[in-house]
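This report concerns only the one structure given below.
The values are calculated or read from the model by the stated rules, or taken from the named source; none is laboratory data. None of the values given here were measured: they were computed from a predicted structure. Cβ coordinates were reconstructed from backbone atoms using ideal geometry, including for glycine residues, and neighbour counts include every protein chain displayed.
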Amino acid sequence: MIPATPKLRGHRLTVGLLAVLLTVMTTSCAASTSNTPQDSETAMTETLSSDEFAAMQGRLEQLMPALETAGGRFVDLHLNQIREVSCLRIESEKEQTQTSWHGELSGPAADPETANAALDAVRDLLLAEGWELSWEKNEPQEEVGRLRELSLHKDGLKVAASYARDRSGYGTVLVLSTTRCTEHPEDHQMLRSSLDPEYGVTHPNYTDGDD
């Protein structure tokens, strides 16, 4: 079983790692297109009750630290986010009416061997917990871009994990966990987990940063 984990604050991305992640997610977003925040006004949705949607927070609060521990035996993975995010474009005035839960881990990979070991550990933990492998792709001959990526799913959650390298040779492992986008009433309040590194930071979409 994936163990319940004490609530610990994650680590913020370094400027260099953030630049790599932005490059990776911009140039190759196949692993998470349908769940990427602000993709479109018509993002795929499904109907969940308020209790079912709220339960996804607890599932991510158990899942993400467990994946961090598994992959962290090989790569220094850090928890970047566990929060509800909008599926609508950033200019939308009703971002809170279509959201998904989103968890994110990332860390630098010194070489393909350690990156692949981390991805294997993430995959194997999920398979042992009854997750299904949706697809897996390897491009070891490539010099830059996503050299390996895989996706698994279970009970309304998807995990997409990848190893990518930029032109300077800097590599990173990225693990994303998302729910499908869900419709909400206009008075819906978006939430951040207390595990999220920015929990308590003032933000117009989250009340946990209010005084």
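Could you check, for the range 192-202, whether at least one of its residues is assigned to a strand (DSSP E or B) and either crowded, with 19+ Cβ neighbours inside 10 Å or free of Cβ contacts under 8 Å to residues at least 40 places away in the same chain (or both)? Checked against the condition, which is being assigned to a strand (DSSP E or B) and either crowded, with 19+ Cβ neighbours inside 10 Å or free of Cβ contacts under 8 Å to residues at least 40 places away in the same chain (or both), the range 192-202 yields at least one hit.
Exactly one residue among LEU60, LEU125, LEU88 is touching a helix residue (DSSP H, G or I) at 6+ places or on another chain (Cβ under 9 Å) and either in contact (Cβ under 8 Å) with a residue 60 or more places away in the chain or crowded, with 24+ Cβ neighbours inside 10 Å (or both), and that residue is LEU125.
Under 26 Å from SER86 (Cβ atoms), touching a residue at least 12 places away in the same chain (Cβ under 8 Å) and assigned to a strand (DSSP E or B), is that true of GLU136? It is false that GLU136 is under 26 Å from SER86 (Cβ atoms), touching a residue at least 12 places away in the same chain (Cβ under 8 Å) and assigned to a strand (DSSP E or B).
Taken over the range 81-138, the criterion of being touching a Gly at 6+ places or on another chain (Cβ under 9 Å) and of a type in the set (Lys, Arg) is satisfied by ARG83 alone. Of all the residues in the range 85-95, those that are assigned to a strand (DSSP E or B) and either of a type in the set (A, V, I, L, M, F, W, C) or within 13 Å of SER177 (Cβ to Cβ) (or both) number 1. Can you find a residue that is among the hydrophobic types (A, V, I, L, M, F, W, C) and either surrounded by fewer than 13 Cβ atoms within 10 Å (Cβ to Cβ) or modelled with pLDDT of 95 or more (or both) anywhere in the range 139-149? Within the range 139-149, not a single residue is among the hydrophobic types (A, V, I, L, M, F, W, C) and either surrounded by fewer than 13 Cβ atoms within 10 Å (Cβ to Cβ) or modelled with pLDDT of 95 or more (or both).
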